[in-house]
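These notes are about the structure you will find just below.
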Amino acid sequence: MRMPRRGLVIQARTRWLLVGLALLFSLVLLMYLLECAPQTDGNGSLPGVVGESLGKEYYQALLQEQEEHYQNRATSLKRQIAQLKQELQEMSDKLKSLQEKKSPKVNGMNYQGTKEQTSNDLLEFLHSQIDKAEVSMGAKLPSEYGVIPFESFTSMKVFQLEMGLTRHPEEKPVRKDKRDELVEVIEAGLEVINNPDEDDGQDEDDGVGDRQLYSENDFIEGYYRTERDKGTQYELFYKKMDGMEYRHVTLFRPFGPLMKVKSETVDISRSIINIIVPLAGRTEAFAQFMQNFRDVCILQDKRVHLTVVYFGQDGLSEVKGILESVARETDFHNYTLVSLNEEFNRGRGLDMGARAWEKGEVLMFFCDVDVYFTAEFLNSCRLNAEPGKKVFYPVVFSLYNPAIVYANQDIPPPVEQQLVHKKDSGFWRDFGFGMTCQYRTDFLTVGGFDLEVKGWGGEDVHLYRKYLHGDLMVIRTPVPGLFHLWHEKHCADELTPEQYRMCIQSKAMNEASHSHLGMLVFRDEIEAHLRKQAYRTNSE
């Protein structure tokens with residue numbers, strides 16, 4: 001009774017193959033019709049004055065635009081047809097292989113061997129999904145929009161980029177499947193650490209009693225992202241409360257069970273970060289920055305070097321005084337002040353700060369004076385950058401204008417109390433690429449910044465694209481410990497049109513949330529409504 005069923009399976013797969021071939025021929029015919037159809041000019045028959053006022057150049061440009069559109073469409077169809085051909089060929093080969101394996105063997109059919117072969121084929125397919133995904137090495141991408149960013153999470157919260165109008169930048173997982181997924185992932189990571197394989201780098205002679213066992217309380221943070229045609233990647237970090245070593249586990253779910261990619265111990269106890277800050281004027285903001293630097297870097301982390309690149313002479317003595325005052329009070333001398341008597345250029349400043357370091361390899365954090373960070377972020381910086389392999393581009397949470405956010409209070413609260421992830425207090429600055437952690441050798445190897453970019457904006461995107469076009473993996477994720485403090489922004493007339501557009505866009509995005517801006521726009525209408533309500537109340 002089994003042989004006829006097997007024949008039906010083969011017939012069904014053959015039928016699907018024929019359907020696929022029919023679709024292929026339909027696509028070829030569609031492409032032929034698109035390429036051979038005469039191009040029409042929708043405005044070519046406009047009579048009289050309109051045609052004369054537009055001129056010949058307009059219609060030539062319109063024809064060229066339509067021609068480019070059809071050429072791009074034809075190229076896209078050719079690419080899709082080529083992919084279909086390849087997939088159909090692979091399907092045909094698999095079908096042929098299946099037919100050969102299931103050729104009639106009436107006597108002595110080894111069903112157990114067939115079951116084992118199917119299991120091996122499944123494992124081979126799942127491992128091929130890992131090989132195709134951007135897990136172990138980076139992929140060359142055409143632009144900054146090609147990156148699939150990570151979402152970050154702790155055991156209690158998820159920090160997400162995609163919000164729409166209903167989701168929040170920081171929230172507890174509402175859907176049960178998302179909660180169960182993250183719990184499963186954390187437990188799977190613990191299983192990998194507490195029961196290591198031979199390739200995890202731990203000695204088998206160490207018994208369970210000699211080895212530290214990790215629990216859910218040791219989970220620090222994780223990142224995940226999904227490649228729609230391959231699966232979901234998870235980066236998990238665990239640490240004992242009294243230790244300095246982190247355990248890093250990478251898992252991948254190739255639309256099936258989780259599969260361990262690697263498990264390693266990461267020691268960041270000796271990892272120095274060179275924080276580079278370009279500056280011109282803005283001494284009050286620098287004093288606030290140094291207060292945060294003192295609390296986080298000097299008193300807590302103690303593994304940093306500060307490089308300040310100052311442009312111009314106005315305010316230079318005040319900056320020197322602030323640095324010397326902090327040095328006297330805290331006995332901190334791991335800083336460098338580079339003075340440049342020229343017009344401010346952020347890319348030039350960061351490039352000079354990177355080259356001023358003379359002690360070999362070092363992890364660099366490109367920072368701005370308006371950025372507030374925590375000690376936890378510095379560890380995230382160390383964990384997600386690796387020389388020759390990974391660069392870290394965290395997404396900053398940008399705070400809105402406190403005068404608008406806290407308009408119902410006499411004065412805004414202190415900065416430390418403004419650092420909350422709420423929809424009306426700020427937003428994930430996913431269009432900004434200025435804050436980054438990367439190793440000095442990677443920065444120099446990729447060619448550094450484009451120093452031809454003048455003034456505000458643009459230089460960070462150029463550097464970001466260089467990494468996307470190379471082989472290094474770009475880790476892009478929102479992090480809870482990195483904030484951009486609001487400050488009034490001026491867009492100079494000397495900027496190029498592209499820079500000016502970016503500056504105005506940034507200025508508008510920084511001011512307030514959608515709802516708060518709406519309240520400002522409709523303020524007169526709201527006040528008129530309140531006056532009417534008050535009048536009715538008094539009349540009654």
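Scanning the range 365-385 for residues that are farther than 16 Å from His421 by Cα and in contact with a helix residue (DSSP H, G or I) (Cβ under 9 Å, 6 or more places away or on another chain) turns up Phe365, Phe366, Cys367, Asp368, Val369, Asp370, Ala375, Leu378, Asn379, Ala385.
A search for C-beta distances below 8 Å between a residue of the range 124-135 that is in contact (Cβ under 8 Å) with a residue 24 or more places away in the chain and any residue that is among the hydrophobic types (A, V, I, L, M, F, W, C) and open to solvent by 100 Å² or more (accessible area, probe 1.4 Å), counting only pairs 6+ apart in sequence or on different chains, returns Gln129/Phe255.
Scanning the range 318-349 for residues that are polar (S, T, N, Q), under 12 Å from Ala280 (Cα atoms) and open to solvent by 20 Å² or more (accessible area, probe 1.4 Å) turns up Ser339, Asn341. Among Leu520, Leu463, Leu482, Leu472, which is under 16 Å from the mean Cα position of the chain (by Cα) and closer than 18 Å to Tyr400 by Cβ? Only one candidate passes the filter, namely Leu482. Checked against (1) assigned to a loop (DSSP other than H, G, I, E, B); (2) of a type outside the set (Asp, Glu); (3) surrounded by 19 or more Cβ atoms within 10 Å (Cβ to Cβ), Ser269 passes all but a single condition, namely (3). Scanning the range 511-523 for residues that are open to solvent by less than 90 Å² (accessible area, probe 1.4 Å) and at pLDDT 85 or above, we see that the one that is nearest to Asn345 (Cα to Cα) is Glu511.
Among the residues of the range 241-266, the ones that are open to solvent by less than 20 Å² (accessible area, probe 1.4 Å) and either without any contact (Cβ under 8 Å) to a residue 60 or more places away in the chain or closer than 17 Å to Tyr214 by Cβ (or both) come to 7 in all. Which of the residues that make up the range 125-148 are over 15 Å from Gln233 (Cα atoms) and within 17 Å of the chain's Cα centre (by Cα)? The answer is Lys140, Leu141, Pro142, Ser143, Glu144, Tyr145, Gly146.
Scanning the range 357-372 finds no residues that are in contact (Cβ under 8 Å) with a residue 24 or more places away in the chain, assigned to a helix (DSSP H, G or I) and of a type outside the set (Val, Ile, Thr).
When you check Gln409 against the structure, is it open to solvent by 30 Å² or more (accessible area, probe 1.4 Å) and assigned to a helix (DSSP H, G or I), yes or no? Taking the combined requirement at face value, the residue does not satisfy it. Checked against the criterion of being surrounded by fewer than 17 Cβ atoms within 10 Å (Cβ to Cβ), not in a loop (DSSP other than H, G, I, E, B) and not assigned by the TED database to the domain that holds Phe153, the candidates Ile475, Ile526 yield just one match: Ile526. If you go through the range 378-388 one residue at a time, do you hit one that is under 19 Å from Val474 (Cβ atoms), outside the structural domain of Phe153 (by the TED database) and in a strand (DSSP E or B)? Checking the range 378-388: at least one residue is under 19 Å from Val474 (Cβ atoms), outside the structural domain of Phe153 (by the TED database) and in a strand (DSSP E or B). Working only within the range 143-164, note down all residues that are in a loop (DSSP other than H, G, I, E, B) and either out of contact with any helix residue (DSSP H, G or I) (no Cβ under 8 Å at 6 or more places or on another chain) or among the hydrophobic types (A, V, I, L, M, F, W, C) (or both). Passing the criteria: Val147, Ile148, Pro149, Phe150, Thr154, Met156, Lys157, Gln160, Leu161, Glu162, Met163, Gly164.
The values are calculated or read from the model by the stated rules, or taken from the named source; none is laboratory data. These numbers come from a predicted model, not from an experiment. No Cβ is skipped: glycine too gets one built from the backbone with ideal geometry, and neighbour counts run over all protein chains shown. Quick note on the areas: whole protein, heavy atoms, side chains included, nothing else; ligands and nucleic acids left out. Shrake-Rupley method; radii C 1.70, N 1.55, O 1.52, S 1.80 Å.
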